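S.K.: This is the structure I want to talk about, given as structure tokens.
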């Protein structure tokens, strides 16, 4: 998944990228009729120069289970970042999985200039 961090305005680069990703390995067949396989998943975030910014440890997900990876990346340089998810199935290597990502690109909140309400002057 590409994550574009180049602002579309004359403003600073984002403060952080927030990632919440889940890989689900649904049961195969009703009531476990068919034997499902365990999958191994690894998440990887690459920066705008394709260097690995971070990588999760490999995690095994059994049939009917899921796993999540939450990560916050600071010091964002403008460009296209990439979120990669490597999924490998045991056995014959043929397994269906669902992958859901929630990615937030967060900017520093600038404070506005105080704008107090003017006091009303009583009429004489």
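S.K.: May I ask you to list pairs of residues, at least six apart or on different chains, whose Cβ atoms are under 6 Å apart, with the first in segment 35-51 being closer than 10 Å to residue 84 by Cβ and the second being part of a loop (DSSP other than H, G, I, E, B) and at pLDDT 95 or above?
M.R.: Qualifying pairs under 6 Å: 42/56; 42/58; 43/56.
S.K.: Let me ask something else about it. Tell me which residues, restricted to segment 69-99, are assigned to a strand (DSSP E or B) and over 28 Å from residue 6 (Cβ atoms).
M.R.: 87, 88, 89, 98 - these are the residues of segment 69-99 that are assigned to a strand (DSSP E or B) and over 28 Å from residue 6 (Cβ atoms).
S.K.: Looking for something in a strand (DSSP E or B), out of contact with any helix residue (DSSP H, G or I) (no Cβ under 9 Å at 6 or more places or on another chain) and loosely packed, with under 15 Cβ neighbours inside 10 Å - is there at least one such residue anywhere in segment 6-14?
M.R.: no
The values are calculated or read from the model by the stated rules, or taken from the named source; none is laboratory data. Everything numeric here is computed off the predicted structure, so don't read it as measured data. Cβ coordinates were reconstructed from backbone atoms using ideal geometry, including for glycine residues, and neighbour counts include every protein chain displayed.
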